[in-house]
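The structure appears below as structure tokens.
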Amino acid sequence: MVGSMVVLGIESTAHTASVGLVTEKAEVLGLASDMYRPIKGGIHPREAANHHVECFPGLVERALESAGVRPADVEAVAFAQGPGLGPCLRAGATVARMLALAWDRPLVPVNHCIAHLEIGRVGSGMDDPLMLYASGGNTQVVAYGRGRYRVLGETLDIGIGNFLDKLWIELGGTFPGGPALEAEAKSGTTLLPLPYTVHGMDVAFSGILTAALALSARGASRADIAYSVEATAYSMLTEITERALAHRRRDTVVLGGGVACNERLRTMVRTMVEERGGTMYVPPRSLCVDNGAMIAWNGWLAFRAGVTVAVEASGIDPRQRTDLVAAPWRVV
Ligand code: AMP
Ligand code: MG
């Protein structure tokens, strides 16, 4: 598309290597992704990083070609700086630095969690939504306040997606477990008792994991376990989202993260929000899971607000917290 300037976004925080090209009006012109799928067990960071290194040259080419964009049309190169797995982040950051140097373009650091929120915000047209971010490694309820995105509640142990994946693998399945559990849950009939752990606006999942495996050892069916785990874990997420809405006097919610693909979670949160007179938005699947387009879009927002980083200072931050990153584009 001749004449459109784009930001190129690089995502590589965990299992997915992805390159997105987005215009300053948030149109996604190109998106090319490749997911590392371990044959056995969960994600091995080094193996995932090797996968990303191999994929990136082809992904950059595919994204540019499918969009009809030339390097000269790229205004800036954005990359996910954190949080995520160190080796994976490093693979993406290296590619971003290389492109920025080769094309002589500014480099823009982006926080992965905030990128999920921003792609939902622009897609929804909502001005100031709260986000329930439910992904593999992250589970947070986030809202903007005074210059930053604030984490109102979060998991105290593992991310919801990692919990679902781990449970499914322990029950004999393969990664990713979330979608498989969703399918299995459809034939569940009995709600089994599981720990329901909500502390204020925080949640914890490891107790459910232990209890579900104990039920399995005692002969409970996979279908009933899947059904009960979904009911319990998604109720917990719905409860903390409602509490955050009430405290922050918000009435709009966006969902983000791979677990936001789950129909049951969507229905539960939507029902809760609509009963309060509000609205919920969930981005299309390709923008819900980890993707380079959300990094590119957040890259535009940050770049226009003057955020860039020198290559020498562009280190990754595997533990970067949502609430430690300034969001100057939100300051009016
Ligand atoms: P992300 O880290 O945001 O890319 O999301 C990946 C996580 O989403 C993995 O843990 C998957 O198991 C999970 N996931 C993907 N689809 C679904 C689904 N339909 N239901 C529940 N979890 C899902
Ligand atoms: Mg994510």
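The values are calculated or read from the model by the stated rules, or taken from the named source; none is laboratory data. Since we're looking at a predicted model, the values are computed, not measured. Note: ideal-geometry Cβ built from the backbone for every residue, glycine included; neighbour counts use all protein chains shown.
Evaluated against (1) in the same structural domain as Ala246 (by TED's automatic domain parsing); (2) modelled with pLDDT of 95 or more, Ala100 falls short on exactly one condition, (1). Among the strands (runs of 3 or more DSSP E) confined to region 66-140, the ones with at least 2 residues that are within 13 Å of ligand 1 (Cβ to nearest atom) are located at 130-134.
Would you check if Val307 is touching a residue at least 24 places away in the same chain (Cβ under 8 Å), under 22 Å from Gly84 (Cα atoms) and in a loop (DSSP other than H, G, I, E, B)? Judged against the criteria, Val307 is a match.
Only one of (1) over 16 Å from Gly257 (Cα atoms); (2) among the aliphatic types (A, V, I, L, M); (3) in a helix (DSSP H, G or I) is not met by Leu192, so which one is it? Checking Leu192 against (1) over 16 Å from Gly257 (Cα atoms); (2) among the aliphatic types (A, V, I, L, M); (3) in a helix (DSSP H, G or I), the one that fails is (3). Can you tell me which residue is surrounded by the fewest Cβ atoms within 10 Å (Cβ to Cβ) among those in region 247-270 that are away from ligand 1 (no atom under 16 Å from the Cβ) and either in contact (Cβ under 8 Å) with a residue 12 or more places away in the chain or under 20 Å from Ile114 (Cα atoms) (or both)? Restricting to residues being away from ligand 1 (no atom under 16 Å from the Cβ) and either in contact (Cβ under 8 Å) with a residue 12 or more places away in the chain or under 20 Å from Ile114 (Cα atoms) (or both), the top hit is His247. Inspect all residues belonging to region 258-281 and state whether any of them is within 16 Å of ligand 2 (Cβ to nearest atom) and modelled with pLDDT under 95. The answer is yes; a qualifying residue exists. Looking across region 200-234, the residues that are surrounded by fewer than 16 Cβ atoms within 10 Å (Cβ to Cβ) and of a type in the set (Ser, Thr, Tyr) come down to Ser206, Thr210.
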